[in-house]
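Remarks on the structure that follows.
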Amino acid sequence: MGKHTRNSPRPEQHVPGALSASHLLSLVSYSCCVVAWPSFSASLPPVRFRPRIHQHQSPMAAAAAHRNNKRRRLSPAPGPTSATAPPLDSLADELLFLVLDRVAAADPRALKSFALASRACHAAESRHRRLLRPLRADLIAAALARYPSASRLDLSLCARVPDAALAAAPSGSSLRAVDLSRSWGFGAAGLAALAGACPDLADLDLSNGVHLGDAAAAEVARMRTLQRLSLSRCKPLTDMGLGCVAVGCPDLRELSLKWCLGLTDLGLHLLALKCKKLTSLDLSYTMITKESFLAIMKLPNLQVLTLVGCIGIDDDALGSLDKECSKSLQVLDMSHCQNITDVGVSSIVKSIPNLLELDLSYCCPQVTPSMGRSLQKITKLRMLKLEGCKFMADGLKAIGSSCVSIRELSLSKCSGVTDTELSFAVSKLKNLLKLDITCCRNITDVSVAAITSSCTSLISLRMESCSHVSSGALQLIGKNCSHLEELDLTDSDLDDEGLKALAGCSNLLSLKIGICLRISDEGLMHIGKSCPKLGDIDLYRCGGISDDGVIQIAQGSPMLESINLSYCTEITDRSLMSLSKCTKLNTLEIRGCPRVSSAGLSEIAMGCRLLSKLDIKKCFEINDVGMLYLSQFSHSLRQINLSYCSVTDIGLLSLSSICGLQNMTIVHLADITPNGLTAALMVCGGLTKVKLHEAFKSMMPPHMLKNVEARGCIFQWINKPFKVEVEPCDVWKQQSQDVLVR
C-alpha cells in the first residue's frame with residue numbers, strides 16, 4: 001500500500017491490485033496535464049474498485065471474472081515510459097467521466113487539453129462527449145466521426161447549413177437530438193439524408209424554418225421515432241405537410257406549430273386523430289377555430305396546450321367544450337387571445353378541473369367578480385397570470401377568496417389594482433411563492449405591508465416602477481421575506497437602509513435595482529457581505545455607486561454570472577479587475593461608462609473565459625488593445641456592442657477571429673474604414689446579425705454584402721445621429737417620467 005498524505009482520503013476498502021485514493025488523485029493530475037484541477041477529492045463518493053485477475057487464478061475463475069467485467073477500460077499510450085506511467089487502463093470509464101464532467105464545468109476548453117495528453121485520454125474524451133456544437137457546417141462530418149458516441153447535435157452556431165452538410169452524417173449515427181433552430185440553407189434533401197443516417201432520432205428542432213414547407217415535412221415524417229418536434233415559424237407548411245407528420249410520427253409527445261399560418265382545422269383535426277400520445281402542443285398564432293379545438297381538447301394525454309394569439313378561439317369555442325374533454329390538461333396558455341372575455345373563461349373552467357397553470361394575460365378585457373369566483377372550480381390551480389388585464393371592483397378580491405391554492409400570481413401592468421383589493425387578496429394567499437406587481441402604479445406602502453406580513457414564504461417578488469411605495473416600506477421586504485431568491489425593485493425609492501434590510505435575504509440569486517438613484521456603495525456593501533449566492537445583479541443607471549460598491553459585490557458573490565453597470569459613470573478599471581475574479585461571469589454590460597479602458601477589459605478577458613455577451617457602447621477609452629485580449633481569451637463571446645468605442649480596423653479584424661461570434665453592433669466607430677469593415681465581415685464566418693450605420697451601405701462592395709448574407713448573416717442598417725454626451729441619471733429619469741405622463 002502506498003503512503004497516505006495527511007490531506008489524501010483513505011479508500012473505504014483496499015483490494016489487491018486496486019488503486020489507492022492517493023494514487024488515483026496523482027493519476028488524474030497526470031492525465032489532465034495542463035488542466036487546472038479543482039479540489040475534487042473531498043467531494044468524491046467512496047469508490048470500490050474491482051480486483052484484477054492474478055496469474056495464480058484458475059482458467060475458470062479468470063473466464064468468470066472476464067465475463068463480469070462489463071466496463072470498458074482505457075489503454076495507455078504506448079511508449080518507452082509505459083512501464084512507469086500511471087495505469088490508465090485500470091481506471092473505469094464511470095469514474096473518468098465523472099472527472100471529465102467536473103473539468104468541463106470549470107472550463108469546457110480544458111477537455112481539449114485532456115484529449116491531447118495521450119492516446120488513451122483522446123479515446124476516453126471521444127467516448128465521453130455527448131453534445132456536439134460545431135462552429136461551421138463543414139465540420140459536422142468530422143465531428144461525428146471524431147465523437148461516435150455523441151447523442152446531441154447543436155447547430156445553433158452555424159448560420160447556414162446546406163443539404164450536403166446534413167448528408168455527410170455517417171449512416172447508423174447515434175444521434176438522438178438535432179437542433180437546426182438558428183440555421184437555414186437546407187431543405188427536403190438534407191432532411192431526407194438526416195432521416196436515413198439517424199434511425200433513432202427522437203428530438204428535432206426546425207424552428208424559424210421559414211423556407212420549409214410540405215416537402216420538408218414529408219421527409220420529417222420518415223423519422224418514425226420522433227418524440228419532440230418543433231416546426232415553429234415554418235410558414236409555408238400546410239395541412240398536407242402536417243398530415244404527413246401526423247401519420248408518419250405517431251409517437252410524438254411534444255409538438256410546436258407556432259406561427260404556422262398555413263394550417264387550418266383540417267390538418268389540426270387529423271393531428272388529434274393520429275397523435276394520441278401528445279403531451280405538449282403549441283398552436284400559438286395559428287388559425288385554429290372551434291371546429292378543431294374540441295378534438296384537440298379530447299387528446300387523452302395532453303398536459304400542456306399553448307394558444308397564444310389565437311384569434312379564432314372565442315367565447316363560443318370555450319363554451320362548446322363538454323364533459324368528454326380530457327382531464328389530463330395541466331397547463332393552458334390563452335394569453336393575447338383577443339376574442340375571449342370573462343364569460344368564456346367562466347364557461348371553460350368546468351371542463352379542466354385538474355389544471356395547474358392558467359395564463360390569461362392580455363386576454364380578458366375585464367376581470368369581474370363572477371369570473372374570479374368561477375376559478376374556484378379549479379381546485380388544484382397553482383399559477384395564475386393576468387398581466388395587462390383590467391380589474392373591475394371586487395374582481396381581485398374574488399380571486400383571492402377562490403384561488404387559495406395558487407403559488408404564483410402575476411398582475412403585471414394590470415389596471416384597477418388598489419391597496420384595498422391587493423391587501424385582501426394576499427391575506428388569503430398565505431402560501432404564495434411568486435408575486436409580480438410590476439407597474440401597478442396605484443399601490444402604496446399599505447400593499448407592501450400586507451404582502452410582507454401575509455406572504456412570508458415568497459421566493460420571487462417583482463415590483464418594478466411601483467413609484468408610490470416609499471423606502472421605509474421597501475425595508476419590510478428584507479425584514480419579513482428572508483426566503484427571497486429573486487427581487488426586482490427597478491425604478492423604486494430604494495435607499496441604503498433598504499439594501500441593509502435586504503441583506504437578510506441570504507438566498508438571493510437575482511437582484512434588479514436599476515434606476516434606484518438613492519443607493520450608494522454603502523448599501524452594496526451589505527449585499528456583498530450577505531448574499532454569496534447572487535448570480536445576477538442589475539445596477540443600470542445607479543449613478544450613486546462607484547468602484548468600492550462593485551468590488552464588494554465581486555468579492556462577496558463569486559458565483560456571479562451577469563452584471564449590468566450601464567451608465568454607472570463613476571466606475572473605473574478597478575471594478576473590472578475585481579469582476580475578473582468571478583470566473584462564471586458570462587454577461588457584462590458597461591455601456592456609457594467613460595472611465596473604463598482596455599486595461600480593465602483585458603483583465604475581464606483573461607479572467608472570465610465564459611464571457612458570451614459584452615456591451616461596451618460609449619466606453620470611449622476602450623481601443624484595439626482590448627479587442628486583442630478578447631480575441632485571445634474570450635472564445636465563448638457571442639454578442640458584442642462596440643458603438644462609439646475607439647476601435648480601429650486592427651481591433652475589428654482581431655475580434656473577427658472569434659469563431660463563435662454571432663452578433664455585432666458597430667455603429668459610429670469613427671476610426672473604422674470600409675476596407676477594414678469588409679475584411680472583418682469576410683473573416684468572421686459565424687455572424688448571424690450585424691448592425692451598421694447606413695452610411696457604410698454605399699461604401700461596401702455589393703457582392704461582398706451578398707456573400708455575407710448568403711452565409712446566413714442579416715444586416716440591420718441604422719440611421720442615428722452621432723451623439724457622444726451621456727445624460728446624468730437623474731436627468732434621464734426625469735425625461736422618462738415626462739414621456740410617461742404624456
**Prompt:** What are the pairs, 6+ residues apart or on separate chains, where a residue within region 122-133 that is basic (K, R) has its Cβ under 9 Å from a residue that is open to solvent by 70 Å² or more (accessible area, probe 1.4 Å)?
**Reply:** R127/R72; R127/P148; R130/R152; R133/R152
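Quick one: would you say S326 is in a loop (DSSP other than H, G, I, E, B), open to solvent by 10 Å² or more (accessible area, probe 1.4 Å), hydroxyl-bearing (S, T, Y) and out of contact with any Cys (no Cβ under 6 Å at 6 or more places or on another chain)?
Considered against the rule, which asks whether it is in a loop (DSSP other than H, G, I, E, B), open to solvent by 10 Å² or more (accessible area, probe 1.4 Å), hydroxyl-bearing (S, T, Y) and out of contact with any Cys (no Cβ under 6 Å at 6 or more places or on another chain), S326 comes out as yes.
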**Request:** Determine which single condition S602 fails, assuming it passes every other condition in (1) surrounded by 19 or more Cβ atoms within 10 Å (Cβ to Cβ); (2) hydroxyl-bearing (S, T, Y); (3) over 26 Å from the mean Cα position of the chain (by Cα); (4) more than 30 Å from Q555 (Cβ to Cβ).
**Result:** (4)
**Message:** I want to confirm something. Restricting to region 378-418 and keeping residues that are touching a helix residue (DSSP H, G or I) at 6+ places or on another chain (Cβ under 9 Å) and open to solvent by 30 Å² or more (accessible area, probe 1.4 Å), which single residue is nearest to C466 (Cα to Cα)?
**Reply:** T418
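Might you let me know whether region 354-361 holds any residue that is open to solvent by 10 Å² or more (accessible area, probe 1.4 Å), farther than 20 Å from G416 by Cα and not polar (S, T, N, Q)?
Checking region 354-361: at least one residue is open to solvent by 10 Å² or more (accessible area, probe 1.4 Å), farther than 20 Å from G416 by Cα and not polar (S, T, N, Q).
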**Message:** Being open to solvent by 20 Å² or more (accessible area, probe 1.4 Å) and either within 24 Å of L281 (Cβ to Cβ) or within 22 Å of the chain's Cα centre (by Cα) (or both) is true for just one of P250, P170, P162, P199. Which residue is that?
**Reply:** P250
**Request:** Would you mind stating whether L96 is at pLDDT 80 or above and not in a loop (DSSP other than H, G, I, E, B)?
**Result:** no
**Request:** Could you grab me the full set of residues in region 173-196 that are open to solvent by 10 Å² or more (accessible area, probe 1.4 Å) and under 23 Å from the mean Cα position of the chain (by Cα)?
**Result:** R176, A177, D179, S181, R182, W184
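May I ask you to list the residues in region 469-480 that are out of contact with any Asp or Glu (no Cβ under 8 Å at 6 or more places or on another chain) and surrounded by fewer than 23 Cβ atoms within 10 Å (Cβ to Cβ)?
L476, K479, N480
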**Prompt:** Before we move on, is K533 part of a helix (DSSP H, G or I) and of a type in the set (K, R)?
**Reply:** no
**Asked** Are there any helices (runs of 4 or more DSSP H) wholly within region 118-181 with 1 or more residues that are out of contact with any His (no Cβ under 9 Å at 6 or more places or on another chain) and β-branched (V, I, T), and if so which?
**Response** 140-146
**Message:** Yes or no: region 230-245 includes at least one residue that is under 22 Å from the mean Cα position of the chain (by Cα) and open to solvent by 60 Å² or more (accessible area, probe 1.4 Å).
**Reply:** yes
**Item:** Among the candidates L273, L278, L307, residue that is surrounded by 22 or more Cβ atoms within 10 Å (Cβ to Cβ) and more than 21 Å from Q338 (Cβ to Cβ)
**Value:** L278
**Fill in**
Counted residues in region 420-442 being open to solvent by 30 Å² or more (accessible area, probe 1.4 Å) and assigned to a helix (DSSP H, G or I) come to 4
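The values are calculated or read from the model by the stated rules, or taken from the named source; none is laboratory data. Note that the structure is predicted; figures quoted are calculated from it, not measured. Cβ sites come from the backbone with ideal geometry, for glycine too, and all protein chains shown count toward neighbours. Surface areas here come from the heavy atoms of the whole protein model, side chains and all, with no ligands, DNA or RNA. Shrake-Rupley method; radii C 1.70, N 1.55, O 1.52, S 1.80 Å.
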